[in-house]
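The structure under discussion appears below in the form of structure tokens.
Nothing in this text is a laboratory measurement; each read-out follows from the coordinates by a stated rule. In this text the structure is predicted, and so the values were computed from the model without any measurement. Cβ sites come from the backbone with ideal geometry, for glycine too, and all protein chains shown count toward neighbours.
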Amino acid sequence: MNNTGKKFGGRKKGVPNKLTAEVKKKVQSLLDGAIDRIDLSECTIAERIRLIEIGLRYTLPTMKQVEKCPETEYQSIDFKDLIKFVD
């Protein structure tokens, strides 16, 4: 039993998973064959847009939603100028 906290055996860091790579290749070849059989001249504009939408989902990385917090700008205050207003 390993009580040292160190990793022994298994896949090294940066080495791709073989099963994932094989599945990706098979899915890619299946999609290539299906895309070659689609007759775009028979598709409606809505169907073409939907095909593009589906294709982009798998070709472009998905963006993570980020909430933008307003940045607060702080002004420097010169206390000597504040004394003028006290009088």
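Search the stretch 1-39 for residues being part of a loop (DSSP other than H, G, I, E, B) and basic (Lys, Arg), and hand back the single one that is farthest from the chain's Cα centre (by Cα). Here the residue is 6. Among the residues of the stretch 33-60, just one is among the acidic types (Asp, Glu) and surrounded by 10 or more Cβ atoms within 10 Å (Cβ to Cβ), namely 47.
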